[in-house]
Amino acid sequence: MTADTRQPAPPAPDLGTSVLARRVTLADLLEGDSFKEVMTAFADLYRVGVKVFDASGHKLVDIRVGNSQFCGYLWEFGATRQACTRLVTGLKNDPFATRDGVEVARTVDCFSGLRYVVLPLLYEGDLIGRLIFGPYMPQSTPRLPDQLYQIEPKLDRQRADALIEQVRRAPDDLVAKLLTNVQKIVDVLVFTSYRSMLTSQMHIESVTASYHELEAKNRTLKENNERLQELDKLKSNFLATVSHELRTPLTSVIGYSEMLLEGMAGGLNDEQRDYVKTIMEKGESLLSMISQILDLSRIESGNLRMDLSDFNVKDVLRHATTSVIPQCQKKGITLDVDIDGGLPFFRGDKDKIGQIVVNLLGNSVKFTPQGGRITLRGKLWTGPRRHKKRVADDGAAMLFDLADETFVRIDVQDSGVGIPPEKIERVFERFYQVDNTSTREYGGTGLGLSIVRSFVEAHKGEIFAASEVGKGSTFTVLLPVS
Ligand code: ADP
């Protein structure tokens, strides 16, 4: 018995059309290797060859038993070779006769006296392939027919008789029974395979559909993201250019106001002094806003330059208080300064640290009502970071993350309006203001704290706030001492 394993691969299933709408093929339905195994066992048991083709003539199984040498001998001669080719083509392609519209098996006699039975393979009324059983020698044929030697007189009778002995002799009623069995086996295989194929294909189809949907959404998201990034870049460039261009004339406005106030262009009466003072103050607050926007655009474009040096933190803190003393006096706010004499020299960007403290103090003055109190504290402090505590997702990780570090710790505490607990983290976002109504009481851009946070993070530090509405807020900056 020989099984032909050199068959071309069956056509790949078409995933474009739904399995429910697609016409199933035999290759779809029968799991190739196990079907071949069943057919091989069957051919082995009955010692008769089996071939299976799908509806488009694609060969799925080819098991030859016993007839190879006899058929090979006939193949050596021109006339028998031709007759053999004709017969095999007919076996593969000739249409079946039908009974009540359903294809039925047919028997095909070979010119050599051998016999084949061709069985239609049906699924739900559709012809999906054919099974060719044979060749076998019908029991009723005692010897090779004379017509064989008429077709090819060169055939040697003795040799042909010896070779035909290797071919199975079988009575037709036994063959009919065998084929009923085969038919049942194939039906069961097709039925169970179709069910599992349907399940797996439906699964693949639904996964593929979700994948395509996801892919399309992803593409849109990516495009939108690219567009947003482009716009963001444009906005940053625009802000950088505009604010830079605005600063120059504004510095002149402030400079000339100062000169007027100092009487460099002659004396001013009280009313004139008040007007020029207002011009100067408004100019300064405009300049600080523009500087904030410029800082932000530098941060966003990744162009934040750090000017590092070793400096005395105590001096920076003291200097920062001078910028708010006049406003504190105006509002009757008490400013306490508690700076630890043991603060070490710190390596960082001195101007940015100064800007951080001025900003926090400025906010405290802004959000603290008349007669309040502000305290600025500076000290060396050893402890854990807040941020790591917050992000740790389990107790063990938290313990690992809680390693103590030494920081320069700056606290700015006020007795001001406070911040509601649900908004306390948001105040560090760009443009976020607790009161964002058009009638809001306090001026500002909502950029200060986001810039402060970037500056703190540029020093690998962290900033956080604690607050109680109506009682006041404390902003804490931790700058690690490396
Ligand atoms: P701006 O002060 O220009 O509005 P910030 O980024 O500095 O912007 O602050 C954002 C918001 O955080 C403020 O608008 C205010 O609502 C709140 N905030 C900041 N500091 C304080 C403070 N010391 N007390 C109460 N609220 C504050």
Taking GluC sites (Glu not before Pro) that fall in a DSSP loop and have at most 16 other Cβ atoms within 10 Å as cut points, what is the longest piece of the chain between them? 263-424
Would you kindly find the accessible area of residue 251, with a 1.4 Å probe and non-protein molecules such as ligands, DNA and RNA excluded, rounding to the nearest 10 Å²? 80 Å²
Test item: Cα-centred dipole of the chain, Lys/Arg +1 and Asp/Glu -1 on Cβ, debye: 760 debye
For the chain, give the percent of accessible area contributed by carbon and sulfur heavy atoms, probe 1.4 Å, rounded to a whole number. 54 percent
Straight-line reach from residue 233: which lysines have a Cα under 18 Å away, not including same-chain ones fewer than 8 places off? 222
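Cα-Cα over 22 Å: which of 36/92; 366/460; 331/423; 235/366? Walk me through the intermediate numbers first.
On the way: 36/92 19 Å; 366/460 28 Å; 331/423 26 Å; 235/366 29 Å.
Beyond 22 Å between Cα atoms: 366/460; 331/423; 235/366.
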Tell me which of 376, 443, 464 sits at the most positive position along the dipole axis of region 306-480, charges placed on C-beta atoms (Lys, Arg +1; Asp, Glu -1). 443
How far is helix 270-300 tilted off the main Cα axis of the chain, in degrees rounded to 10, range 0 to 90? 30 degrees
Mean separation of Cα contacts under 8 Å, 6 or more apart, over the residue count of the chain: relative contact order %: 9 percent
Range of Cα positions in region 306-480 per principal axis (Å), largest first: 46, 37, 27
Once both axes come from the Cα atoms, what is the angle between helix 78-93 and the longest principal axis of the chain, in degrees from 0 to 90, rounded to 10? 50 degrees
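Averaging over all projection directions, find the projected area of the Cα convex hull of region 26-170 and quote it in nm² with one decimal place.
That works out to 9.2 nm², a quarter of the Cα hull's surface.
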Percentage, to the nearest whole number, of Cα pairs in the chain over 30 Å apart: 67 percent
Applied in sequence order to region 470-477, the curve 6.51 cos²θ - 1.76 cosθ + 1.60 (Karplus, θ = phi - 60°) yields integer Hz couplings, x standing for Gly and Pro, of x, 10, x, 9, 10, 9, 10, 10
Can you give the Rg/Rh ratio of region 250-313, where Rg is from the C-alpha atoms and Rh is the Kirkwood radius? 1.20
Sorted by chain and then number, the residues having a modelled amide H within less than 5 Å of the amide H of residue 461, at least 5 places away or on another chain, are none
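Which order do you get for 149, 442 if you rank them by accessible area with a 1.4 Å probe, largest at the top?
Accessible-area ranking of 149, 442, largest first: 442, 149.
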Near-label residues of region 289-310 by backbone N, under 19 Å of a point 7 Å along Cα→Cβ of residue 231: 297, 300-301
How big is the dipole moment of region 306-480 about its Cα centre under a simple scheme where the beta carbon of each Lys and Arg is +1, that of each Asp and Glu is -1, and everything else is neutral? Debye, nearest 20, please. 360 debye
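The values are calculated or read from the model by the stated rules, or taken from the named source; none is laboratory data. It should be emphasised that the depicted structure is a prediction, and the values quoted were computed from it without experimental measurement. Quick reminder, even Gly has a Cβ in these numbers, built from the backbone with ideal geometry, and neighbours come from all protein chains shown. Note: accessible area is taken over every heavy atom of the protein model, side chains too, but ligands, DNA and RNA are not part of it. Shrake-Rupley method; radii C 1.70, N 1.55, O 1.52, S 1.80 Å.
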